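J.: Below is the structure I would like to discuss, written out as structure tokens.
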Amino acid sequence: MKRIIFCGGFIISAILSEAQPVVLKNDQEPKDSFYTLTPVEVRAVRAGENSPFTKTNISKNEVASRNLSQDLPFLLNQTPSVVVNSDAGNGVGYTGIRIRGTDATRINVTLNGIPYNDAESQGTFFVDLPDFSSSAGSIQIQRGVGTSSNGAGAFGASINISTNEINKAAFAEINNSFGSFGTFKSTIKAGTGLRKGFTSEVRLSCIGSDGYVDRASSNLKSLYYTTAYIKDKTSLRLNIFSGKEKTYQAWYGISEADLKAGNRTINYAGTEKPGGAYDNETDNYTQSHYQLFFNQQLSRRIGFNTALFYTKGKGYYEQYKADEDYADYGMQNPPSNGSPITASDMIRQLWLDNNFYGNIFSLHYKYKKTQATFGGAYTRYDGKHFGKVIWADEGLTSNKNWYDHNALKTDFQYLF
């Protein structure tokens, strides 16, 4: 079991002009503003105030109070039935989450109602969304089978993150936090407020850490931009956000022998290289999201919303492998004057090049105490997997990919 440590840190925050959320007419605070101010884009996947689901709602202020530099699962760690883990040992970089004992492949995660789970593995990789919590306006966790029909099945739980709340006033913020193991987070964000129906916000973030585990360093960068046009019955919003991560691999765990010997921070990644660990045994990935929302109030009782989205991901992880056979990589043996050379130390890269896109929609009816929602989603995933050998101690005899695999997946779901 890994020991989670994040201590001795402090925060520097400068708020030049504080953002204020939009409130109801006459400035009357509703009974529960979490539900009243929930953006229409996420209402089809969230449980209402009186819905018979076990849920936890986390407000923007609660998220901000926990947001130091750790990954999103660690911000949710104090909610019921949640257990988290961290490859690097301090919550920065690759992290995992379980809810009611089920892993991330059975947790339905949506961003503004748009599915985030990986279309092939169904897993969620929050390392590709560095500091996304700094843009989150609210989060709802549903434990057990919930209301969401978008993305992977929610056997264990659902997590919906919303960033589409509106800040009425202009603002600018600079936030910095520092902690143990060389951990830091720097965030700059600003917004125009709501001006004649238009609003825009932007955020830039950088997170770094040496990690508690040996060599488990992280270098994370992200961008978030949103702009919207909002009128009484119509709204149009564009979200663009991207994350880039470079993390030293630390996902191999630890043997019982090393644990008993007190080698709690040992990392086996990169140790196949003679004379010391390979210094670039890293995971490198960039993921960019494009979301376009349109909402229309058709009548006093009926509202319609739809969204188009596109998610682009591309990257690789690099490994040093000792004494690998040329034949296993589809390469001929290099020429030799004596005994045949059949194996060599090699450096290889395992690549992903993914495209995920689709449309979600919902129609809402509300009259007195009656509510009904009809909605659905169409998604398509096109992924490429391929491997490259970029170096061999005995020389490369081919520059072709040593494997090429393609994946194509189409989903259609509807809810009534």
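J.: So which pairs qualify, if the first residue must be in region 317-334 and on the phi < 0 side of the Ramachandran plot, the second must be crowded, with 18+ Cβ neighbours inside 10 Å and in a helix (DSSP H, G or I), the Cβ gap must be under 6 Å, and the two must be at least 6 apart or on different chains?
T.: As it stands, the answer is ASN333/TYR326, since those pairs meet every condition given.
Yes/no per residue for (1) surrounded by 15 or more Cβ atoms within 10 Å (Cβ to Cβ); (2) in contact with a Cys (Cβ under 9 Å, 6 or more places away or on another chain):
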position: GLY156; (1), (2): yes, no
position: ILE174; (1), (2): no, no
position: GLY179; (1), (2): yes, yes
position: ARG195; (1), (2): no, no
position: GLY208; (1), (2): yes, no
position: TYR229; (1), (2): no, no
position: SER242; (1), (2): yes, no
position: TYR252; (1), (2): no, no
position: SER255; (1), (2): no, no
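Conditions (1) under 30 Å from PRO335 (Cα atoms); (2) surrounded by fewer than 12 Cβ atoms within 10 Å (Cβ to Cβ), marked per residue:
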site: PHE374; (1), (2): no, no
site: PHE386; (1), (2): yes, no
site: TRP391; (1), (2): yes, no
site: GLY395; (1), (2): yes, no
site: SER398; (1), (2): yes, no
site: ASP404; (1), (2): yes, yes
site: LEU408; (1), (2): no, yes
site: GLN413; (1), (2): no, no
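J.: If you check GLN142 against the conditions, is it more than 19 Å from GLN70 (Cβ to Cβ), touching a residue at least 60 places away in the same chain (Cβ under 8 Å) and not charged (D, E, K, R)?
T.: yes
J.: Could I ask something else about it? Of the conditions (1) touching a Phe, Trp or Tyr at 6+ places or on another chain (Cβ under 9 Å); (2) over 28 Å from ASP128 (Cβ atoms), ASN354 fails just one. Which one is it?
T.: (2)
J.: Confirm whether ASN112 is closer than 20 Å to TYR381 by Cα, buried (at least 24 other Cβ atoms within 10 Å of the Cβ), among the polar types (S, T, N, Q) and within 17 Å of the chain's Cα centre (by Cα). Working first, answer last.
T.: Numbers: closer than 20 Å to TYR381 by Cα: yes; buried (at least 24 other Cβ atoms within 10 Å of the Cβ): yes; among the polar types (S, T, N, Q): yes; within 17 Å of the chain's Cα centre (by Cα): yes.
The answer is yes for ASN112.
J.: Whether any residue in region 327-345 is out of contact with any Pro (no Cβ under 9 Å at 6 or more places or on another chain), among the polar types (S, T, N, Q), part of a strand (DSSP E or B) and surrounded by 14 or more Cβ atoms within 10 Å (Cβ to Cβ) is what I want to check.
T.: No - not one qualifying residue is present in region 327-345.
J.: Follow-up. Which of the residues that make up region 230-266 are within 30 Å of CYS206 (Cα to Cα) and out of contact with any strand residue (DSSP E or B) (no Cβ under 7 Å at 6 or more places or on another chain)? Don't jump to the end; show me each part of the working.
T.: Step one: filter region 230-266 for residues within 30 Å of CYS206 (Cα to Cα), giving 236-254, 264-266.
Within region 230-266, ALA250, TRP251, TYR252, GLY253, ILE254, ARG264, THR265, ILE266 qualify.
J.: A further question follows. Working only within region 69-97, note down all residues that are assigned to a strand (DSSP E or B), crowded, with 18+ Cβ neighbours inside 10 Å and over 15 Å from the mean Cα position of the chain (by Cα). Give the derivation first.
T.: If we filter region 69-97 for residues that are assigned to a strand (DSSP E or B), which is where we start, we get 82-86, 95-97.
With the extra rule that they be crowded, with 18+ Cβ neighbours inside 10 Å, the set shrinks to 82, 84, 86, 95-97.
The answer is VAL82, and nothing else.
J.: Determine, yes or no, whether GLU120 is charged (D, E, K, R), in contact (Cβ under 8 Å) with a residue 12 or more places away in the chain and either out of contact with any Asp or Glu (no Cβ under 6 Å at 6 or more places or on another chain) or surrounded by fewer than 24 Cβ atoms within 10 Å (Cβ to Cβ) (or both).
T.: Answer is yes for this residue.
J.: For SER186, only one of the following conditions fails: (1) of a type outside the set (Val, Ile, Thr); (2) in contact (Cβ under 8 Å) with a residue 60 or more places away in the chain; (3) within 21 Å of THR247 (Cβ to Cβ). What is its number?
T.: If we test SER186 against (1) of a type outside the set (Val, Ile, Thr); (2) in contact (Cβ under 8 Å) with a residue 60 or more places away in the chain; (3) within 21 Å of THR247 (Cβ to Cβ), just (2) comes out false.
J.: Ok, one more. Under 6 Å between Cβ atoms, at least 6 apart or on separate chains: pull out the pairs that start in region 378-400 with a residue that is touching a residue at least 12 places away in the same chain (Cβ under 8 Å) and end on any residue that is in a strand (DSSP E or B) and charged (D, E, K, R).
T.: Pairs that qualify, where the first residue is touching a residue at least 12 places away in the same chain (Cβ under 8 Å) and the partner is in a strand (DSSP E or B) and charged (D, E, K, R), are THR379/ASP411; TYR381/LYS409; LYS384/ASP353; PHE386/ASP404; VAL389/ARG348; ASP393/ASP345.
J.: Please go through region 206-258 and pick out each residue that is outside any strand (DSSP E or B) and aromatic (Phe, Trp, Tyr).
T.: Answer for region 206-258, where residues must be outside any strand (DSSP E or B) and aromatic (Phe, Trp, Tyr): TYR212, TRP251, TYR252.
J.: Looking only at region 124-146, how many residues end up being part of a loop (DSSP other than H, G, I, E, B) and either under 10 Å from the mean Cα position of the chain (by Cα) or among the acidic types (Asp, Glu) (or both)?
T.: Residues in region 124-146 being part of a loop (DSSP other than H, G, I, E, B) and either under 10 Å from the mean Cα position of the chain (by Cα) or among the acidic types (Asp, Glu) (or both): 5 in total.
J.: Return yes or no: is GLY313 without any contact (Cβ under 8 Å) to a residue 24 or more places away in the chain, within 30 Å of VAL213 (Cα to Cα) and small (Gly, Ala, Ser)?
T.: Considered against the rule, which asks whether it is without any contact (Cβ under 8 Å) to a residue 24 or more places away in the chain, within 30 Å of VAL213 (Cα to Cα) and small (Gly, Ala, Ser), GLY313 comes out as no.
J.: Of the residues ARG100, ARG66, which is of a type in the set (D, E, K, R), touching a Leu at 6+ places or on another chain (Cβ under 8 Å) and surrounded by fewer than 17 Cβ atoms within 10 Å (Cβ to Cβ)?
T.: Testing whether each residue is of a type in the set (D, E, K, R), touching a Leu at 6+ places or on another chain (Cβ under 8 Å) and surrounded by fewer than 17 Cβ atoms within 10 Å (Cβ to Cβ) leaves just ARG66.
Read-outs: derived from the displayed coordinates by stated rules, not from any lab. Since we're looking at a predicted model, the values are computed, not measured. All Cβ positions, even for glycine, are placed from backbone atoms using ideal geometry, and neighbour counts span all protein chains on display.
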